[in-house]
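Student: A single structure is presented below for examination.
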Amino acid sequence: MKKTLLLLSIFLLQYSFAQQSGSDSVTLTGTVVDSETNDPLEFATLVVRSLDNPEKVSGGLTDAEGKFNVTISAGNYDVSVEFMSYKSYTLKNQSLTGSKNLGTIPLSLDIAQLDEVEVVGQRTTVELRLDKKIYNVGQDLTTKGGSVSDVLDNVPSVSVDVEGNVSLRGNDNVRILINGRPSGLVGLNSADALRQLPSDAIEKVEVITSPSARYDAEGTGGILNIILKKGKADGFNGSVTVNTGIPDNHGVSTNLNYRTGKFNFFTNGGYSYRDAPGNSYNFTEYKGNVDNRFLEETRDRNRKSNNLNANVGAEYNINDKHSIVGSVLIRDQNGDNTTKNYTDKFDDNRNLTNQVFRYTGEDEKDKTLEFNLNYLGKFNDEGHELSVALQHSDDEEDERSNIYDQPVYPDEGPRTYEKLRTFEKQKNILVQADYVLPLGEESQFEAGFKSNLNDMSNDYTVENQDDEGNFYVNDSLTNLFNYDEHIHAFYAQYGTKFDKFSVLLGLRTEITNIDISVEGFDLDAKKNYTKVFPTVNLGYELRENESITLGYNRRIRRPWSRFLNPFPSRESKTNVFQGNADLNPSYSDAFDLGYLRQWTNLTFNASVYYQYATDVFQFISEPTGNVTDEGDPIIKRGPINLATDSRFGFELALMYSPFQWWRINTDFNFFRSSLRGSYNDVSYDADNTSWFTRLNSKVNLPGKIDFQTILFYRGPYSNSQNEYKGMLSTNLAFSKDILNDNATVSLNVSDLFNSRKRKMETITDSFETESEFQWRERQFTLSFTYRFNQSKRQRDRQERNGDEDMGGFEG
């Protein structure tokens, strides 16, 4: 209670003291850290009590880097620093006649209080910073037993569609990083990989909408940085989570840590078995003179998978200035997927004329092996440092499919068989170095380079059956697609802060060399280009806890290898996907104006943004002029560079705690896109207005029970050919601490009303299509987590601190 009153007094008095100026004002600065780990302590309290007037108390709180900056009147004071469960640090009889830097203040844990204190004020699940949002996974009940995709779908500004594709502010070109760097985990198929990585392996997600020059220029929508857990507490400690669910969702995951002396050993990972039933529906009306006017396709899918993920590493602190971290990441997935497809054909009067059953059985094996080695050298305590990272990853994806078609109506006919195999390999080598040089107390220079060498091959084999039942290789479809992408980048940026104004200016150069070839076919394309990407980030502090930011950055969207592969997919006879080897990168210029205001129990964050992009990718559908063996027209869908896109929008985010037992997070995002372009003498101009909103409410009920509800709605939207319907989904979760707070049992329901479906209409001059797609049906999950050798205070401290950012100046 005393601490609460003290904090309240500080908040009420801090503004008036901050306004004092002139010769009688002095400024106290410094940094508060944990004495054992040297981690900064956020929200530590600086208390300054006047000796001349003991009732006169001022002070402030430390920021995310443990720093404080407090202005007071010149005079005599007692100065102390306090933090819950830590021993206070006190300086008596300080004569403050001029500004003073108290330096680094280490605080030690108070062992006597460590296991007795009750942590009442829980950390909110979302932290809003001037340049990014940080989502803390540990307190989200609805993702227990889930995957990274489930986590991202709850992050403000982020949405995940029913196929697992991630978008940021409605833009699906998002750069996804693991621990600040590209990873083999999301190398071959990011949507599938994010579904396999367990949510319990993640500590936090950083949403970066205005990246500085130190980040890759890839990703016109922005960057999502997924931070994996790495324990910090001394000794051996960790947690184990077991979950089960309906439909089948069973697994176990662990987070273990052992710290002793200069070494810290850590691991996180898990095993899971999932069966994700899904379905889709397509109804097409063909225009013109065709025998079968209407075509209806109904698909039922079952995706069974066994998944193993493990991240094992060790950290060695050579001394208090130099450290090395090495880790090995493994992902092994075995999938058994089946698809049942009924195709019904109708004449002009909607009479059934033909029905064909198509069955696809697919065995899939995915493997990832990644090695990471990181060095961090600190030349002093003021931020002068050098970091070097080496990474090597190998990915393999082996898919084998057996497909058969069987006429069902009007007469049951013989089956025709087809075999497909896709063997995809990817090797990635990454070398990166970042150098940070402080220039005084308020300025900083950064420079670095990065080489990312990515070599991928896709060996695609099609076998058909002859009249005698023997299989032969179809040379017209079988191909070996090679894609090599080598990117070398150099950057430099300068940041400074004076008075209430901060500036971060950067310039990044990326040299791209791409080589595309198809063995056995006349296709060998090379794309080499060098581009410069400037960034500007400005910030101005209007007053305490209120600021505005303005950012500009130039970004690039390179086509994925799947977008470039010119050979058609084979899942459906009448609807195929085909890449475009001539696809060029898209460039965009983006502006972002943000406002942040914080009160005691309310945080308000708003942004207005504008983006102009050229050579934009659009996926269009058009008739191929070919027909199936049954005489049905074949429709091709694929990407093209389609002129320009002007996009503007705004977003609002609120974090509010009306009571100690109730916390609410909500965000709203509105955007409008104007697409201008034509292809094959057809105009694809389109204006699209859309929005989505999310409400996240968490209530602490009696009996140590937590109840969380998440509502998400995405409004209707459209592009050059397609119109998408609105979509509403609801997640619920309950959680209760048991066994003296050492364990937690949780129950969550994903997509409570089974309404998470993509509904779309496609209208062209030659056909119209209505479709509905549901990747995964409603999911119930029950999970049990047990924590050992972790006091309540240690768990809260670990969740609060997390892994530190990769360094760098933030405006």
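Student: Which residue out of PHE604, PHE670, PHE648 is assigned to a strand (DSSP E or B), assigned by TED's automatic domain parsing to the domain that holds VAL576 and free of Cβ contacts under 8 Å to residues at least 24 places away in the same chain?
Tutor: PHE670
Student: Now a separate question. Restricting attention to the range 233-267, which residues are surrounded by 15 or more Cβ atoms within 10 Å (Cβ to Cβ) and among the small types (Gly, Ala, Ser)?
Tutor: Hits for the range 233-267 are ALA233, GLY238, SER239, GLY245, GLY251, SER253.
Student: Next question. Residue under question is ALA217, and the condition is that it be within 17 Å of GLN779 (Cβ to Cβ), in contact with a Lys or Arg (Cβ under 7 Å, 6 or more places away or on another chain) and surrounded by 16 or more Cβ atoms within 10 Å (Cβ to Cβ); does it hold? Explain how you work it out, then say what you get.
Tutor: Values: within 17 Å of GLN779 (Cβ to Cβ): no; in contact with a Lys or Arg (Cβ under 7 Å, 6 or more places away or on another chain): yes; surrounded by 16 or more Cβ atoms within 10 Å (Cβ to Cβ): yes.
So ALA217 fails the test.
Student: Please enumerate the residues belonging to the range 5-45 that are within 12 Å of ILE72 (Cα to Cα) and modelled with pLDDT of 75 or more.
Tutor: SER25, VAL26, THR27, LEU28, THR29
Yes or no, residue by residue, for (1) part of a strand (DSSP E or B); (2) surrounded by fewer than 19 Cβ atoms within 10 Å (Cβ to Cβ); (3) outside the structural domain of LEU453 (by TED's automatic domain parsing); (4) out of contact with any Gly (no Cβ under 8 Å at 6 or more places or on another chain):
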{"site": "ASP366", "(1), (2), (3), (4)": "yes, no, no, no"}
{"site": "GLY383", "(1), (2), (3), (4)": "no, yes, no, no"}
{"site": "VAL388", "(1), (2), (3), (4)": "yes, yes, no, yes"}
{"site": "GLU399", "(1), (2), (3), (4)": "yes, yes, no, yes"}
{"site": "GLN406", "(1), (2), (3), (4)": "yes, yes, no, no"}
{"site": "LEU420", "(1), (2), (3), (4)": "yes, no, no, yes"}
{"site": "PHE423", "(1), (2), (3), (4)": "yes, yes, no, yes"}
{"site": "VAL431", "(1), (2), (3), (4)": "yes, yes, no, yes"}
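A quick yes/no check of all residues on (1) touching a strand residue (DSSP E or B) at 6+ places or on another chain (Cβ under 9 Å); (2) surrounded by fewer than 19 Cβ atoms within 10 Å (Cβ to Cβ); (3) within 30 Å of THR284 (Cβ to Cβ):
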{"site": "TYR717", "(1), (2), (3)": "yes, no, yes"}
{"site": "MET727", "(1), (2), (3)": "yes, no, yes"}
{"site": "LYS736", "(1), (2), (3)": "yes, yes, no"}
{"site": "THR764", "(1), (2), (3)": "yes, yes, yes"}
{"site": "THR769", "(1), (2), (3)": "yes, no, yes"}
{"site": "ARG776", "(1), (2), (3)": "yes, no, yes"}
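Student: Taking interchain pairs and intrachain pairs at least six residues apart, which have beta carbon atoms under 6 angstrom, with the first residue in the range 322-338 and in the same structural domain as GLY278 (by TED's automatic domain parsing) and the second in a strand (DSSP E or B) and hydroxyl-bearing (Ser, Thr, Tyr)?
Tutor: ILE324/TYR316; ILE324/TYR375; ARG331/THR368; GLN333/SER305; GLY335/SER305
Student: Then there is this: Given the conditions (1) within 30 Å of ASN479 (Cα to Cα); (2) of a type outside the set (Asp, Glu); (3) assigned to a strand (DSSP E or B), which single one is not true for PRO414?
Tutor: Among (1) within 30 Å of ASN479 (Cα to Cα); (2) of a type outside the set (Asp, Glu); (3) assigned to a strand (DSSP E or B), PRO414 violates only (3).
Student: Right, here's the next one. How many residues are without any contact (Cβ under 8 Å) to a residue 40 or more places away in the chain and farther than 17 Å from LYS757 by Cβ if we restrict to the range 275-301? Before the answer, list the steps.
Tutor: Just the residues of the range 275-301 that are without any contact (Cβ under 8 Å) to a residue 40 or more places away in the chain, to begin with: 275, 289, 301.
So of that shortlist, the ones also farther than 17 Å from LYS757 by Cβ come out as 275, 289.
Total meeting the criteria: 2.
Student: Could you count how many residues in the range 270-326 are at pLDDT 90 or above, hydroxyl-bearing (Ser, Thr, Tyr) and farther than 19 Å from SER149 by Cβ?
Tutor: Matching residues across the range 270-326 total 5.
Student: OK, next. Please work out which one of (1) closer than 30 Å to GLU296 by Cα; (2) touching a Lys or Arg at 6+ places or on another chain (Cβ under 9 Å); (3) not hydrophobic (A, V, I, L, M, F, W, C) is the condition ASP344 fails and give its number.
Tutor: Of the numbered conditions (1) closer than 30 Å to GLU296 by Cα; (2) touching a Lys or Arg at 6+ places or on another chain (Cβ under 9 Å); (3) not hydrophobic (A, V, I, L, M, F, W, C), the odd one out for ASP344 is (2).
Student: If you check TYR540, TYR472, TYR494, which single one turns out to be more than 24 Å from ASN584 (Cβ to Cβ), out of contact with any Ser or Thr (no Cβ under 9 Å at 6 or more places or on another chain) and assigned to a strand (DSSP E or B)? First the steps, then the outcome.
Tutor: Details: TYR540 fails: out of contact with any Ser or Thr (no Cβ under 9 Å at 6 or more places or on another chain); TYR494 fails: out of contact with any Ser or Thr (no Cβ under 9 Å at 6 or more places or on another chain).
Exactly one of TYR540, TYR472, TYR494 is more than 24 Å from ASN584 (Cβ to Cβ), out of contact with any Ser or Thr (no Cβ under 9 Å at 6 or more places or on another chain) and assigned to a strand (DSSP E or B), namely TYR472.
Student: Given the criterion of a type in the set (Gly, Ala, Ser), closer than 25 Å to LEU550 by Cα and surrounded by fewer than 15 Cβ atoms within 10 Å (Cβ to Cβ), identify the matching residue among GLY448, GLY506, GLY440. Walk me through it before giving the result.
Tutor: Details: GLY448 fails: surrounded by fewer than 15 Cβ atoms within 10 Å (Cβ to Cβ); GLY506 fails: surrounded by fewer than 15 Cβ atoms within 10 Å (Cβ to Cβ).
So the residue among GLY448, GLY506, GLY440 that is of a type in the set (Gly, Ala, Ser), closer than 25 Å to LEU550 by Cα and surrounded by fewer than 15 Cβ atoms within 10 Å (Cβ to Cβ) is GLY440.
The values are calculated or read from the model by the stated rules, or taken from the named source; none is laboratory data. Keep in mind the model is a prediction, meaning the values are calculated, not measured. Cβ sites come from the backbone with ideal geometry, for glycine too, and all protein chains shown count toward neighbours.
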